[in-house]
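Heads up: the structure comes next, in structure tokens.
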Amino acid sequence: MKRYLSTILYTLLSIVVIAAARFGLINPYEQIVIMFIGINIILCSSLNLINGYMGEFSCGHAGFMAVGAYVTSILNIWFFTSSPVFGGPLFSPGSAIFIFPLTLIAGGAAAALAGMLVAIPSVRTRGDYLAIITLAVNYIVKSSIENIQVIGGARGFMGMGKVVDSMTSAINLPWVMIWIFVFTATCIWILNHFVNSTYGKGIIAVRDDEIAAEIMSVNTNRMKMVAFTLSSGLAGIAGGLFAHVLGYINPGSFTIMKSTEIMVMVYLGGMGSLSGSVLSAVSFTLLMEILRPLQVYKWVLIPLLLIILMLYRPEGIMGNRELTDVFPKLRRFFPSREL
Amino acid sequence: MFFQHFLNALQWGSFYALIALGYTLVYGVLLLINFAHGDIFMVGAYIAFFIASFLLGSYSLQLPFAMDGNTIFVITIVITMVVTSCVGVTIERVAYRPLRKKGAGRLYVVITALMCGLVLENGNLALLGASRKSFPELIEKSIYTIGGITFTNVKILVIVTTIIVFILLETIVRKTKLGMAMRAISYDSVAVLLMGIPLDVVIVFTFILGSSMAALAGVLFVTAYPVLEPYMGAMVGWKAFIAAVVGGIGEIRGAFVGGFILGFVEIYVAAVFPSTLRDLIAFAILLLLLSLKPTGIFGIARAQKI
């Protein structure tokens with residue numbers, strides 16, 4: 001019973017929030033903030049796999065997010081709405097409820113494929129050169145989307161609102177929020193198991209000493225490939241959800257600024273700490289919303305805060321530890337797979 | 001047409017080369033990607049704007065004597081380089097050095113650098129507003145035409161200055177004691193201390209060199225394209241960084257060659273294809289170059305001792 005307490009608590013929390021959203025107890029603005037928290041948790045924890053656990057410096061996470069966002073949106077528009085480009089709906093709009101998560105996974109798969117392509121040069125290069133490759137990939141993705149006129153080019157791509165509407169008109173529930181809750185939980189679950197598996201240990205070994213890991217018969221190339229694929233796949237899913245929260249995406253949403261934002265969250269929470277990532281994603285999103293009245297000064301204040309954090313606590317909120325290491329009593333509730 | 005683009009590419013590459021230089025110098029000494037560097041370029045341009053406006057007498061406080069444009073231009077360059085170096089050194093002093101003394105990992109310093117850049121960008125936006133400023137024309141532009149190629153004196157000035165800077169820096173790094181110390185630090189920063197080389201002094205000197213080159217690039221850039229905006233440094237900075245890596249980061253020759261390669265690729269791609277494809281093709285070519293030679297053109301793969 002205690003073993004599943006965290007799962008049960010999370011389920012209860014999601015049900016309460018979804019019910020509150022359904023019956024209008026929380027206003028749309030608060031709903032969007034909650035949904036962004038979920039998306040940011042996925043983005044931050046997935047980037048933590050590369051930047052934290054593997055110790056590489058990937059600064060193009062928004063690029064993978066863009067791939068996922070566009071693929072998911074295009075599939076949904078193609079399947080469920082009549083648009084001038086793709087023609088009439090392929091499936092009945094009501095079936096969006098079941099097919100929507102599949103399109104999200106398809107978007108994730110496309111992003112994972114892109115991540116795998118990036119991982120191939122990363123086998124030969126490390127460190128700063130890898131940073132460049134990811135940076136360039138981010139530019140390339142953004143620039144290619146801008147040049148494909150069918151999907152709107154630089155003007156952006158819209159119509160996802162109709163898909164969300166057709167889901168709510170079939171069964172009146174905040175579907176996007178439900179899927180955000182589901183995928184956030186799945187993402188954390190996958191990453192937690194992955195990090196504690198043999199693969200995860202291999203990835204940490206690559207971070208600590210690549211040569212020593214190689215000697216210990218860790219297949220470092222394969223570790224990098226797997227980590228990149230998984231991380232970018234999850235980013236793609238987050239992108240798909242992001243697109244459906246806003247109902248409109250344009251290449252300008254997926255610039256280096258977005259990547260920087262995700263990186264800030266990772267380093268705020270602590271490299272190599274999943275619970276740190278979750279904590280920082282939640283607190284960072286809330287902080288951004290609280291500081292919204294400051295307008296431009298917000299973006300002066302937040303970097304300053306981070307610089308001060310780096311000066312006094314360079315390892316971030318959690319450092320290399322998990323919440324269960326700081327409060328050992330929590331270990332009773334979270335099934336620990338270590339040792 | 002080809003030679004016309006050639007000249008444009010030389011000018012465009014000059015800016016990248018001058019900025020890439022700052023990345024490469026700091027990287028060569030500290031192994032730190034100084035992501036604030038692009039914004040130091042922007043700060044340099046703004047400082048130049050204020051100094052030039054002041055010298056031209058645009059403010060209520062005026063100089064008792066008037067100067068002609070060329071004198072103002074030279075004075076602006078000198079003062080801007082000095083002031084911008086102060087900004088660069090301050091960032092090093094306030095943000096990077098405490099981290100270095102603590103022995104924090106490289107990634108933390110990189111993130112701090114990124115944040116410093118954001119502070120500079122958005123601080124500027126908050127203080128001066130989002131409206132664009134136009135740089136006063138200090139040098140009278142004269143246009144020459146030789147054999148169907150048109151060029152301005154500004155273009156020649158930019159290209160010649162970049163080449164002079166290149167020769168100067170190569171001399172400093174190869175021939176002087178400070179340059180030798182810089183190379184020594186990048187080779188082995190622990191042994192350098194044992195040899196009695198003042199680490200901090202050399203690092204400050206590196207930042208002065210890098211920032212003043214960014215300032216020079218800033219002044220030249222706004223002289224050629226007289227529009228100032230807070231985000232002008234971000235895009236150019238990222239691209240110059242890529243140029244530095246393609247040339248082989250940590251090598252001065254690499255920064256120059258990388259900068260010019262990027263300039264040429266961008267100009268010629270824009271000449272042949274629609275200009276919206278410029279970034280796409282430019283970056284694809286750079287990725288190809290990197291995958292063929294992962295350490296950059298002049299970079300040497302260092303064998304790691306086990």
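Every number here is computed from the coordinates shown, using simple stated rules; none is lab data. These figures come from a predicted structure and were not determined experimentally. Reconstructed Cβ throughout: ideal geometry from the backbone, glycine too, with neighbour counts over all protein chains shown.
Between B:Ser186 and A:Ile211, the modelled label-to-label distance comes to 2.1 nm, taking each label 7 Å out from Cα in the direction of the beta carbon.
In the neighborhood of A:Glu146, defined by Cβ-to-Cβ distances under 10 Å, what is the net charge if each Lys or Arg adds +1 and each Asp or Glu adds -1? Once positives and negatives cancel, what remains is +1.
Taking neighbour counts of Cβ atoms within 10 Å as a proxy for exposure, in what order, fewest first, do A:Tyr312, A:Tyr199 appear?
A:Tyr312, A:Tyr199
Taking a straight Cα-Cα cut-off under 26 Å and skipping sequence neighbours fewer than 8 places away in the same chain, the lysines within cross-link reach of A:Lys201 are A:Lys224, A:Lys329, B:Lys305. For chain B, the relative contact order works out to 37 percent when only alpha carbon pairs closer than 8 Å and six or more residues apart are counted. When the Cα gyration tensor is reduced to axis lengths a ≥ b ≥ c, the ratio a/c is 1.5 or higher for region A:216-330, and with a/b not above b/c it is classed as oblate. Each principal axis of the Cα atoms in the protein assembly as shown has its own extent, and those three values, largest first, are 81, 62, 50 angstrom. Each of B:Asp39, A:Asp208, A:Asp128, A:Asp165 has some number of other Cβ atoms within 10 Å of its Cβ, and from fewest to most they run A:Asp208, A:Asp165, A:Asp128, B:Asp39.
Per residue of peptide B:75-86, the mean number of Cβ atoms on other chains within 10 Å of the residue Cβ is 0. So, R0 is 51 Å and r is the distance between the beta-carbons of A:Met257 and B:Phe3; what FRET efficiency does that work out to, to 0.05? Efficiency computed from Cβ-Cβ geometry: 0.85.
Exposure proxy for B:Ile297, B:Ile139, B:Ile185, B:Ile249: other Cβ atoms within 10 Å of each Cβ, ordered fewest to most, give B:Ile139, B:Ile297, B:Ile185, B:Ile249. Here the label points at B:Leu194 and B:Cys86, each 7 Å from Cα along the C-beta direction, are separated by 4.0 nm in the simple model. For GluC sites (Glu not before Pro), the sites in region B:109-172 that DSSP calls loop and that have at most 16 other Cβ atoms within 10 Å are B:Glu137, B:Glu140. Name the chymotrypsin sites (Phe, Trp or Tyr not before Pro) in region B:1-79 that are in a loop by DSSP and that have at most 14 other C-beta atoms within 10 Å, would you? Listed in order of number, the matching sites are B:Tyr59, B:Phe65.
Counting Cβ atoms of other protein chains within 10 Å of each residue's Cβ and taking the mean over peptide B:282-290 gives 5. Under the shape rule built on the C-alpha gyration tensor, where the axes satisfy a ≥ b ≥ c, region B:2-292 is oblate, since a/c reaches at least 1.5 while a/b does not exceed b/c. The mean number of partner chain beta-carbon atoms within 10 angstrom of a residue's beta-carbon across peptide A:194-205 is 0. Starting from the Cα gyration tensor of region A:224-267, take the square roots of the eigenvalues, sort them a ≥ b ≥ c, and report rounded, prolate or oblate (rounded when a/c is under 1.5, otherwise prolate if a/b is larger than b/c, else oblate). Because a/c hits 1.5 or more and a/b fails to exceed b/c, region A:224-267 counts as oblate. The per residue volume of the convex hull around the alpha-carbon atoms of region B:231-302 is 82 Å³.
Give A:Lys142/B:Lys239; B:Lys133/B:Lys155; A:Lys142/B:Lys155; B:Lys155/B:Lys239; B:Lys101/B:Lys175; A:Lys258/B:Lys133 a once-over and call out the pairs whose C-alpha atoms are over 25 Å from each other. A:Lys142/B:Lys155; B:Lys101/B:Lys175; A:Lys258/B:Lys133, as the Cα separations exceed 25 Å there. With both labels modelled 7 Å from their Cα along Cα-to-Cβ, the A:Ser95 to A:Ile308 distance reads 5.6 nm.
Seen from all directions on average, chain A presents a Cα convex hull projection of 18.2 nm².
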